[in-house]
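Below is one structure, written out as structure tokens, with a few remarks after it.
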Amino acid sequence: MTNFDATRRCDLGSLSEAWVLRAERLLHDQCWCWGRDVERAEGNLLVEFGFRRIANPEGRAFAYDRERAGEQVVLTGGGLVYAATGSTHAALIGRYDVRPRLLPRCEVDTAQWAQVGASVFHGAGTRDEGSPLSRVLLSGAVRWIAGYETWVREVAGVEHRAECLASWSQASITADQMVETWEALLAELQDAEERDPRSDTN
């Protein structure tokens, strides 16, 4: 069972600990749903969306990678890696800890991670959750997830997401709330950035 600790310190600017807890619960649900999107009987939704499959030496899927118009997203069972268009860095956002770890974008090496194993992914990056860059990348990742879920709703219907969550004993949300909850988290994140003087990089 997943153990979420609502009392731990949040260092993401003026974000509340409650935001971090809600985001982690939702990302936990989201990772489960990505796994079900892969196994969809009518076809792999991640591939349909434009992801390429990264296999480990045994031939099993280790991650899915997508780069379009300079924006890169890597999905694994442990979370995601997000890099915005024009960014020199990427943010690793964990399934059990959404506070970003930053690494140079040139070090996002899914092929190496797949060869060595998930421990390389989990150990990558440097904790820098209070910086403007990490908050920008976190906002971008949350925005991307909301957009992906909107696409899933349009292509596969809310029924598909409902089936995914029905098979998940730890679901914290219903299918018809998925997009809107990610959008609400994004709005709160953006509000926190506006209130935090560290967001002014000029």
- Query: What residue, among those in region 152-177 that are within 13 Å of G35 (Cα to Cα) and not in a helix (DSSP H, G or I), is nearest to the chain's Cα centre (by Cα)?
  - Reply: W168
- Message: Checking the structure you have, find out if any residue of region 46-62 is over 17 Å from L137 (Cβ atoms), within 16 Å of the chain's Cα centre (by Cα), in a helix (DSSP H, G or I) and at pLDDT 95 or above.
- Response: yes
- Query: Only one residue in D97, D128 is within 13 Å of the chain's Cα centre (by Cα) and either closer than 25 Å to V38 by Cα or at pLDDT below 90 (or both), so which one is that?
  - Reply: D97
- Item | Checklist (1) modelled with pLDDT of 90 or more; (2) more than 23 Å from W19 (Cβ to Cβ); (3) outside any strand (DSSP E or B) applied to S87, failing item | (2)
- Item | Single match in A41, A84 (criterion: touching a residue at least 24 places away in the same chain (Cβ under 8 Å) and over 12 Å from the mean Cα position of the chain (by Cα)) | A84
- Assess whether R66 counts as being at pLDDT below 95 and either of a type in the set (D, E) or not in a helix (DSSP H, G or I) (or both). no
- Message: Tell me whether region 115-122 contains one or more residues that are closer than 20 Å to A23 by Cα, at pLDDT below 85 and more than 13 Å from the chain's Cα centre (by Cα).
- Response: yes
- Name the residues in region 69-84 that are surrounded by fewer than 18 Cβ atoms within 10 Å (Cβ to Cβ), out of contact with any His (no Cβ under 9 Å at 6 or more places or on another chain) and assigned to a loop (DSSP other than H, G, I, E, B), would you? A69, G70, G77
- Task: May I ask you to list the residues in region 137-178 that are touching a residue at least 24 places away in the same chain (Cβ under 8 Å) and among the acidic types (D, E)?
- Result: E149, E163
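The values are calculated or read from the model by the stated rules, or taken from the named source; none is laboratory data. Bear in mind the structure is a predicted one, so any value in this text is a computation, not a measurement. Virtual Cβ from ideal backbone geometry, glycine too; neighbours counted across all protein chains shown.
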